[in-house]
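Working notes for the structure below.
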Amino acid sequence: MTSPDITLPKLSPGAESAAPRTLPAPRPARGKPRLRALDGLRLVAALMVAAYHYGGRDGEITEAWGSSPKQQFPTASEWFAYGCLGVQIFFVISGFVICMSGWGRPLRSFFASRASRLLPSYWAAIVLVTAVFALPAVAYEAVSPSDALVNLTMLQQPLGADRVLGVCWTLWAELRFYALFALCVVMPGATRARVVLFCAVWTLSAAVAEGADQPLLDLVLMPEYAPFFVGGIGIYLIHRDRRDLTAWGITGVSWLIGQHYAVQGLWHAPNPDFFSYRSSAVIMAVVTAGFAAVLLIALGHLDRIDWRWLTVAGALTYPFYLVHEHLGWVTVEVLHRHLGLPSYATFALTITAMLLLAWLLNRYVEERLTPLIRKGLNRSHQPVR
C-alpha cells in the first residue's frame, strides 16, 4: 500500500483563509512506500483468529486434540476465545485499504486489483484442502466434487453449497463490501464528498435494515459488519486530513455501533454449557484497541515501526488465513495425537507450519499469478487487431 504522494503549494496568510474547504488537503506523504505497521497489524489479527480456531472453541479442533481445548489450555483457552475478534479488526483494516486503493482508480483497475489479489491463493487453498481431506488417512470429510467446484467462485455461501474453507464467510462479506464501494464510489469517481455520503448512507441504511428485519436488506447491507468497514473508511479520511471533523465523526459513530454488535454477538451470561465466557468489557476493549491501532497508523504515530520483515508478514497474512483452520486440524492431530508432542509445542509448531505454507503459496502462487491476472484483466478491454 502506498501513501498518496502529493505536495501542496504554500498559501500566503491572506490566501489561506480564502482557500476552499470542500476538498481538504491530504496529509502530506512522508516518503515511505508502505504502511508497514498496518502489515504487522494484519498478521496480529490473523494470529488472533488462529488462536481462536486452535484453542478458543469446540468443534473439529476437539477431535484433532483428542479432548476439549479447555483441557489442553486450561487458562489460555479463555483468552483464545477472544481471538475471533480478529475478524472485526480485519474489516476495519479492509475499509482503510480499499478506500486508499480505490481512490483515483477506474473501475476496471479496481476490479483487476481485487481479483488478482484474492483469487490465486484462494484457488490454491481450495484445491489443497480438498485434496488433503480426500486422503484416506485424514478423518475429516471432504465436500462433494460439485460443491468444491462451486467454491472456486467464492459464491458458495449464497448458493447454499458446502464450504471447503470455514473462513470463507468473511470473504463473502468482503465481496459485498467491494461491490458496494465500487458501485457507489469507484465507478462515479472517488471524492471526499462522495465517500462521506457513502459512509453516512450505508450507516443509516444498515440501521434501518436491522430494524426492518428483512433478510434481503441484511444480506446486502450487512448491519453487523458495516460499522467496521465504514470505520476503516473514516480512518482513511483522517489519514488524508487529520483536521477533518466529519471523518472523526464517521469513525466515532462506527466504533460505537461496532462495539455494540461485537458485544451482542459474543457476550452471554455465565453458563457452564458454553465453551467459554467472554466479558463484555474485554470485548469492548479488543474492538477499541483494533480501531485505535489503525487510527494510530493513519495518524503516523507508528511510522517508526518500519521493519522490512513486516512487508513479508503482510504478504503472508492472506494465504495463512485461508489455510490455517482446516489444515491446522490435520497438523494438530499428527503432532499431538500421533507424535505425542505437548499442547503448547503443538500449537506453536502448527502456527509455524501454516506460516511456512503461506510463504510457499505467496512465493510460488501469488507472485506468479497475481501479475498475470491483473495484466490480463486490465488489457481485456482492448480490441483485437
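Tabulated results
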read-out	value
Among (1) closer than 20 Å to ALA292 by Cβ; (2) buried (at least 22 other Cβ atoms within 10 Å of the Cβ); (3) not hydroxyl-bearing (Ser, Thr, Tyr) - the single one PRO69 does not satisfy	(1)
Of all residues making up the stretch 184-230, the number that are hydroxyl-bearing (Ser, Thr, Tyr), within 18 Å of THR251 (Cβ to Cβ) and assigned to a helix (DSSP H, G or I)	1
Complete set of residues in the stretch 310-347 that are in a helix (DSSP H, G or I), farther than 17 Å from PRO120 by Cβ and small (Gly, Ala, Ser)	ALA313, GLY328, SER343, ALA345
Output for the stretch 290-309, where each listed residue is in a helix (DSSP H, G or I) and under 21 Å from GLY249 (Cβ atoms)	GLY290, PHE291, ALA292, ALA293, VAL294, LEU295, LEU296, ILE297, ALA298
Single match in SER254, SER205 (criterion: of a type in the set (Ser, Thr, Tyr) and surrounded by fewer than 20 Cβ atoms within 10 Å (Cβ to Cβ))	SER205
VAL323 being β-branched (Val, Ile, Thr), under 21 Å from the mean Cα position of the chain (by Cα) and within 21 Å of ASN362 (Cβ to Cβ)	yes
Only listed residue being surrounded by fewer than 22 Cβ atoms within 10 Å (Cβ to Cβ) and either closer than 22 Å to VAL294 by Cβ or in contact with a Leu (Cβ under 6 Å, 6 or more places away or on another chain) (or both), chosen from PHE198, PHE229, PHE181, PHE177	PHE198
Pick from the stretch 297-349, criterion charged (D, E, K, R) and touching a residue at least 40 places away in the same chain (Cβ under 8 Å), ranking: surrounded by the fewest Cβ atoms within 10 Å (Cβ to Cβ)	ARG308
Qualifying residue in the stretch 312-324 (condition: at pLDDT below 95, touching a Lys or Arg at 6+ places or on another chain (Cβ under 9 Å), more than 22 Å from VAL164 (Cα to Cα) and of a type in the set (Val, Ile, Thr))	no
Residue in the stretch 269-281 that is assigned to a helix (DSSP H, G or I), buried (at least 20 other Cβ atoms within 10 Å of the Cβ), among the small types (Gly, Ala, Ser) and at pLDDT 95 or above present	no
Which numbered condition GLU16 misses (of (1) farther than 24 Å from GLY83 by Cα; (2) in a helix (DSSP H, G or I); (3) modelled with pLDDT of 50 or more; (4) not small (Gly, Ala, Ser))	(3)
Every pair of residues 6+ apart whose Cβ atoms lie under 7 Å, when the first sits in the stretch 243-256 and is touching a residue at least 60 places away in the same chain (Cβ under 8 Å) and more than 11 Å from PHE228 (Cα to Cα) while the second is of a type in the set (A, V, I, L, M) and crowded, with 16+ Cβ neighbours inside 10 Å	ASP244/LEU237; ASP244/ILE238
Flag if ARG278 is of a type in the set (Lys, Arg) and touching a Pro at 6+ places or on another chain (Cβ under 7 Å)	no
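Here is a yes/no grid of residues against (1) free of Cβ contacts under 8 Å to residues at least 60 places away in the same chain; (2) within 22 Å of ARG163 (Cβ to Cβ); (3) of a type in the set (Phe, Trp, Tyr):
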position	(1), (2), (3)
VAL87	no, yes, no
GLY102	no, no, no
LEU128	no, yes, no
ALA134	yes, yes, no
SER146	yes, yes, no
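The values are calculated or read from the model by the stated rules, or taken from the named source; none is laboratory data. On a predicted model such as this, the values are computed, not experimentally measured, just so you know. Cβ sites come from the backbone with ideal geometry, for glycine too, and all protein chains shown count toward neighbours.
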